[in-house]
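Read-outs throughout are calculated quantities, based only on the coordinates presented, and are distinct from any laboratory measurement. These figures come from a predicted structure and were not determined experimentally. Here the Cβ is made from the backbone with ideal geometry for all residues, glycine too, and neighbour counts use every protein chain on show.
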């Protein structure tokens, strides 16, 4: 996804970007509520992806967008959809196991993964700015995750016994998302963003539906709070994506703007207020380091 020359954001654009970040952070908090009340990860991904795909397809139809794919697009768009499907399942699996903000922070290592995959798949060397930011991001993540168990008092082995699976899922989500971004840039960057999102959500939803079938069917909420969480995550995710591809282009804003990387900060506050999830001050400091470094990377001039 090549970035155009840096452009000052209007107040409306800035507020819209923050709103999207807030909704995406709230989406993951809502997902945790659903998971706590009987919903499983695959069921959540099916509902979220199906509704988002239907909304985007409706927009495409109403706007009369003509869809035409090249042979390369037909080959690579399913690959991108499968990668996003894996990313969705992994990230929600992390959210189900970790404090929401920590799951999102571990996922926010995706700029590192993007550079890694660009090097491995396309032979591109990482920019100097990213090489400088990598250790900063990893240091902040180490603080946020309390990798030595100092803040929790559990020690390193006890802490990793508690967070290991969740961190692995979050890093896997970051890795697959980074690969999806690299392939999108090189193989499908010329496809309309709305069309790409519709195909991606459809394929991700179908993939999750296969998982649902393999596990014996949908795991629906067992309490009103679970239905509320499932409805909220579906609404928030679908609305955020709809705004991203309908409003932002009119404001002259790149869809993947760095401002939206404040999502973990919103999630941290919301998870504390709604779920009672609290982390130690040193972990908050680590979270801010990660978010700050990723935002600086995203906002740099190229």
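Just check the range 60-149 against the gyration tensor rule for me: Cα atoms, a ≥ b ≥ c as the square roots of the eigenvalues, rounded for a/c under 1.5, and otherwise prolate or oblate depending on whether a/b exceeds b/c. Oblate, because a/c is 1.5 or more while a/b does not exceed b/c.
GNM on the chain, C-alpha springs below 10 Å: top fluctuator among 192, 40, 146? Of the options given, 192 has the highest mean-square fluctuation.
Given the -39500 (n - 2.57) contribution per DSSP H run of 4+ residues, what per-residue ellipticity at 222 nm results for the chain, rounded to the nearest 500 deg cm²/dmol?
Values: 12 runs with 222 residues, N = 302.
So the calculated ellipticity at 222 nm is -25000 deg cm²/dmol.
Checking [x] 55, 28, 19; [y] 28, 25, 19; [z] 41, 23, 17 against the coordinates, the calculated semi-axes √(5λ) of the Cα gyration tensor in Å falls under label [y].
Peptides 163-174, 198-209 ranked from most to least packed by the mean count of surrounding Cβ atoms within 10 Å: 198-209, 163-174.
From most to least packed by mean Cβ count within 10 Å, the peptides 81-87, 275-281 give 81-87, 275-281. Net length available on complete extension from residue 285 to residue 235 is 14.9 nm, with 0.36 nm assigned per residue and the Cα-Cα distance removed. Among 24, 260, 76, the residue with the largest mean-square fluctuation in a Gaussian network model of the chain, with springs joining Cα atoms closer than 10 Å, is 76. Does the range 1-103 classify as rounded, prolate or oblate by the C-alpha gyration tensor (a ≥ b ≥ c root eigenvalues; a/c under 1.5 gives rounded; else a/b over b/c gives prolate, otherwise oblate)? Oblate shape, in that a/c is at least 1.5 and b/c is the bigger or equal ratio.
Taking a ≥ b ≥ c as the square roots of the eigenvalues of the Cα gyration tensor of the range 157-212, is the shape rounded (a/c under 1.5), prolate (a/b larger than b/c) or oblate?
Values: a/c = 4.44, a/b = 1.87, b/c = 2.37.
Taking the square roots of the gyration eigenvalues as a ≥ b ≥ c, the range 157-212 is oblate.
For the residues 179, 214, 22, a GNM of the chain with alpha-carbon springs under 10 Å puts the largest fluctuation on 214. Structural descriptor for the chain: relative contact order 42 percent, calculated from alpha carbon pairs under 8 angstrom and at least 6 residues apart.
Here the spin labels are modelled as points 7 Å beyond Cα on the Cα-Cβ line, and at residue 18 and residue 273 they lie 1.3 nm apart.
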